[in-house]
Amino acid sequence: MRKKLVAFGLAALLLVGMAAAGAAQAPRRGGWVDRILISEIRDSAGAITRLEAGDIDLFLTSIGTADLYRRIAASPALAYDRSFGTFWELTFNVAGPVLPDGTLNPFHSDRIREAMNWLVDRDHIVREAHGGLAVPRYLPINTAFPDYARLADVARRLERRYAHNPTQARTVVTEEMRRLGAELVGGRWQFQGKPVRLIVLIRTEDERRQIGDYFAGLLEGLGFTVERRYGTGGELAPIWQGRPEDGRWHAVTAGWIATVISRDQAGNFTFFYTPASTMVNPLWQAYRPSPEFAALADRLSRRDFATLEERTQLFGQALDHALRMSPRIWLTERAPVTARRREVRVASDLAGGVAGAFLWAHALRLGDQVGGTARLASSQVLVQPWNPVAGSNWIFDMTPIRATADWPTVWDPHTGLQWPQRLERAEVTHKRGLPVGRTHDWVSLDFADEIRVPADAWIDWDPAAQRFITVGTKHPAGLTANTRVVLRYPRELFQTTWHDGSRFSVADVVLPLILTFDRANPASAIHDPGAIPAFRTFQGHFRGARIVSRDPLVIEWYTDQWFLDAEWMATAAADAMWPYYVQGPGPWHTVAMGIRAETERRLAFSFARATALRIEWMNMIAGPSLNVFRRSLPILAREFWVPFEPTLREFIPHADATRRWHNLVNWFAEKGHFWVGNGPFYLERAFPVEKVVQLDRFEQFIDPAGKWDRFGVPALASATVTGPARVRPGAAASFDVRVTTQGRPYPVRDIESLKFLLFDARGEVALTGPATAVRDGQWRISLTAAQTARLPVGTARVEAVVVSRLVSIPAFASLDVVIRR
């Protein structure tokens, strides 16, 4: 008997050992680390000190000052990742010209705002404020993104027109101020006997403090009385985000971050210059672009052009209008670094850095360690309320929010194209003749002479009946579209779970489309006027959607909108019916809580609506909003409540509603908040007073850790131009362009294009054309005798523009050449 027990014990131990080995070999789900702590450190220099001491592992805020960069580069304990998507600007209050309090706002004038482009010396800002870690920026397109390379000749021409010219700035300001009724008395501007006082809001977290002081000094030099008001972004935001006619500010040192590489910036004009922007903000609603500019912005936003040549023409006209209108003037485009401990691995986006990368949390790892706590810091933490529909859009909030989210596709941090995440594949069909291309195999691309929209596709919404209106009902004669996208999801989609344990469902993808229509409709109980402009843009190109199959999920999307890349088109369609709203992830039941609270006018999704109704801006993680949700949750759970029931009940069985509300009750009891995502990390706790966010690994995440580890060092191109220092007009000339990456020749097969621009002695673009590949790493620019014969005598400049297939950041190089007979 004892022998049998011993044998059984050995067998049991063997089984236990095998189980342990199997567990060790099982793929780890979610992220590499167990926990992420993000705390606030406002002082960048102090953050670097703590990085070197090992107190923190990564500082999320990008650093763009030369002294700190040199310190990071010289430290044996630190490494860094460079990015190119952060840019600074000055935003102006356009209300007026005479405000309700009787004061004059000079920045109501288009001409005065335009003159500010001549007033500021962008090269001075690059040198003094950035220490060289930036380039001047004049236009609403990033100099480091593909569109700038496509439009280099147009861009350079406008940059020359708006180069630093303080004399011209003063002349225009003087003429306009007198036209507005102001007088220059003793060198100071007065209006109705009082000084014209301008309030400049100056951010203090970074080099914008120096930029703000510089600009305020320039205004004083023009004769204005200036009040400098300093503060962090969170402190100043309530001022400039209020009603512009209140006159609490006149200019603010603003900043933006493009968190992904934008391969098509045609929508920038609508976003930055018109009330149709997705920025739901009173200032944007005060913008009054000229009818011509508004039409250009709308056409570009809808991609209402047939050829790249026509697109270039529209872009050039829109850029010209943008500088003439100038509700903001662009100042600099930073080339900052994100500092980390040398052993830390993370995905960094070439545009947005680590803070802006969608995949930063997926790839975060402490050396080769599995597990552990990653200690991160940011210059600001928990700036504004979190709610997925219209909560905070600050990058400081979006960084942790994205760690809690999942998407149908994810952005390649090096190219700006997309890879499938939850989407299995997409089929894109465009109207024949549109200049669309494809790079990846997960999306197919074909063309058709005509694309008809099915009669049963949804195209509109009845807020009273709470049902979709079909194409057949609204357009009985039929409807066509420029583009059809078929989105195919794997069956495993419905095996994924939200952080509270709720299974993903079709209702989660239907609700976002309902809200797109409902919030913009005045007949809706949750109507938000701020949603109307963006909806009008959407309505201008949307041609219908329908669910072809529920399991597996197959969706057809019809639109007149299109992009240059089929991958972008597929992603735009997938995002429109995916439970990642404008500002974060949300399953139908947590969003339903917000809908109920807004219907009852106790909370509002957006800041603008909260202000208008004088109620709380909805916050799902902290603050008074939690008390509202705490009181309503038991009621919603007892009712098994479903929003827009006539439509959504079809996709939500009673048992599913029961489980959802039960899960949320338990979630709130355990976590104390209502932020439920579906990403590799969940929000464990938010500490608004202490300024700390705690994210823990979601062990039920469907993907293995390491899925996106392949995004390592990007193959950025570096270029140099060599050739004769002197060229005689009428004589042929050639120049060599050397292209390398990390010191090695750049393979010709990986170069998408290399073109040259030749600026003559007047600074005009005299010639442009393609260079010829000689071998890996070497290209040649050849000028014929007839071409050089047309060049005026003086110093010309040859500039090469290199576009890679491996990264979407172009490289520029130039050489000055003397043209002499």
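The values are calculated or read from the model by the stated rules, or taken from the named source; none is laboratory data. Because the structure is predicted, anything quoted here is derived from the model rather than measured. Because the Cβ atoms are built from the backbone with ideal geometry, glycine has one as well, and the counts that use them run over all protein chains shown. Only protein heavy atoms, including side chains, enter the accessible area calculation; ligands, DNA and RNA are left aside. Shrake-Rupley method; radii C 1.70, N 1.55, O 1.52, S 1.80 Å.
Looking across the range 718-753, the residues that are under 21 Å from Thr784 (Cα atoms), in contact with a helix residue (DSSP H, G or I) (Cβ under 9 Å, 6 or more places away or on another chain) and either open to solvent by 30 Å² or more (accessible area, probe 1.4 Å) or not in a loop (DSSP other than H, G, I, E, B) (or both) come down to Val727, Arg728, Gly730, Ala732, Ala733, Ser753.
Screening the candidates Thr795, Thr768 for the property of being open to solvent by 70 Å² or more (accessible area, probe 1.4 Å), farther than 28 Å from Thr439 by Cα and not in a loop (DSSP other than H, G, I, E, B) yields one hit, Thr795.
Each row is one residue, and each column tells you yes or no for (1) modelled with pLDDT under 90; (2) farther than 20 Å from Ala813 by Cα; (3) open to solvent by less than 40 Å² (accessible area, probe 1.4 Å).
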| site | (1), (2), (3) |
| --- | --- |
| His108 | no, yes, no |
| Ile112 | no, yes, yes |
| Val120 | no, yes, yes |
| Leu133 | yes, no, yes |
| Tyr138 | no, no, yes |
| Ala155 | no, no, yes |
| Leu158 | no, no, yes |
| Thr167 | no, yes, no |
| Arg170 | no, yes, no |
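Screening Gly212, Gly221 for residues that are loosely packed, with under 15 Cβ neighbours inside 10 Å and at pLDDT 95 or above leaves exactly one candidate, Gly221.
Within 24 Å of the chain's Cα centre (by Cα), at pLDDT 95 or above and under 30 Å from Gly437 (Cα atoms): is that true of Val471 in this structure? No; evaluated as a whole, the condition is false for this residue. Filter the range 76-113 for residues that are touching a strand residue (DSSP E or B) at 6+ places or on another chain (Cβ under 8 Å) and among the charged types (D, E, K, R); which is nearest to Thr171 (Cα to Cα)? Within the range 76-113, the match that is nearest to Thr171 (Cα to Cα) is Arg113. Being farther than 30 Å from Asp43 by Cβ and more than 24 Å from the chain's Cα centre (by Cα) is true of Leu445.
Only a single criterion out of (1) in contact with a helix residue (DSSP H, G or I) (Cβ under 9 Å, 6 or more places away or on another chain); (2) without any contact (Cβ under 8 Å) to a residue 60 or more places away in the chain is not satisfied by Leu319, namely (2).
If you check Arg263, Arg248 for being more than 26 Å from Phe535 (Cα to Cα), assigned to a loop (DSSP other than H, G, I, E, B) and either touching a residue at least 60 places away in the same chain (Cβ under 8 Å) or open to solvent by 10 Å² or more (accessible area, probe 1.4 Å) (or both), only one passes: Arg248.
The single condition among (1) open to solvent by less than 30 Å² (accessible area, probe 1.4 Å); (2) at pLDDT 95 or above that Glu600 does not meet is (1). Residues that are in a loop (DSSP other than H, G, I, E, B) and more than 24 Å from the chain's Cα centre (by Cα) do not occur anywhere in the range 198-216.
Filtering the range 147-203 to residues that are among the acidic types (Asp, Glu) and touching a Lys or Arg at 6+ places or on another chain (Cβ under 7 Å) leaves only Glu176.
Conditions tested, residue by residue: (1) in a loop (DSSP other than H, G, I, E, B); (2) in contact (Cβ under 8 Å) with a residue 60 or more places away in the chain; (3) farther than 24 Å from Trp667 by Cα; (4) open to solvent by less than 60 Å² (accessible area, probe 1.4 Å).
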| position | (1), (2), (3), (4) |
| --- | --- |
| Trp578 | yes, yes, no, yes |
| Arg631 | no, no, no, no |
| Thr647 | no, yes, yes, yes |
| Glu650 | no, no, yes, no |
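Just checking: which of the strands (runs of 3 or more DSSP E) contained wholly in the range 428-515 hold 1 or more residues that are at positive phi, of a type in the set (A, V, I, L, M, F, W, C) and surrounded by 20 or more Cβ atoms within 10 Å (Cβ to Cβ)?
Numbers: elements: 443-448, 458-462, 467-470, 483-488.
Hits in the range 428-515: none.
Return yes or no: is Ile257 open to solvent by less than 10 Å² (accessible area, probe 1.4 Å) and within 30 Å of Arg150 (Cβ to Cβ)?
Values: open to solvent by less than 10 Å² (accessible area, probe 1.4 Å): no; within 30 Å of Arg150 (Cβ to Cβ): yes.
The answer is no for Ile257.
Checking each residue in the range 504-537 for being without any contact (Cβ under 8 Å) to a residue 40 or more places away in the chain and hydrophobic (A, V, I, L, M, F, W, C) picks out Ala520, Ile532, Phe535. Would you check if there is a residue in the range 566-573 being in contact with a Phe, Trp or Tyr (Cβ under 8 Å, 6 or more places away or on another chain) and either within 14 Å of Asn387 (Cβ to Cβ) or open to solvent by 20 Å² or more (accessible area, probe 1.4 Å) (or both)? Checked the range 566-573: at least one residue is in contact with a Phe, Trp or Tyr (Cβ under 8 Å, 6 or more places away or on another chain) and either within 14 Å of Asn387 (Cβ to Cβ) or open to solvent by 20 Å² or more (accessible area, probe 1.4 Å) (or both). Report yes if Glu556 is free of Cβ contacts under 8 Å to residues at least 24 places away in the same chain and acidic (Asp, Glu), otherwise no. Against the criterion (free of Cβ contacts under 8 Å to residues at least 24 places away in the same chain and acidic (Asp, Glu)), Glu556 does not qualify. For Ala377, the conditions (1) open to solvent by 10 Å² or more (accessible area, probe 1.4 Å); (2) in a strand (DSSP E or B); (3) touching a residue at least 60 places away in the same chain (Cβ under 8 Å); (4) closer than 30 Å to Pro336 by Cα are fulfilled apart from (1). The residues of the range 298-354 that are over 21 Å from the mean Cα position of the chain (by Cα) and of a type in the set (Phe, Trp, Tyr) amount to a single one, Phe305.
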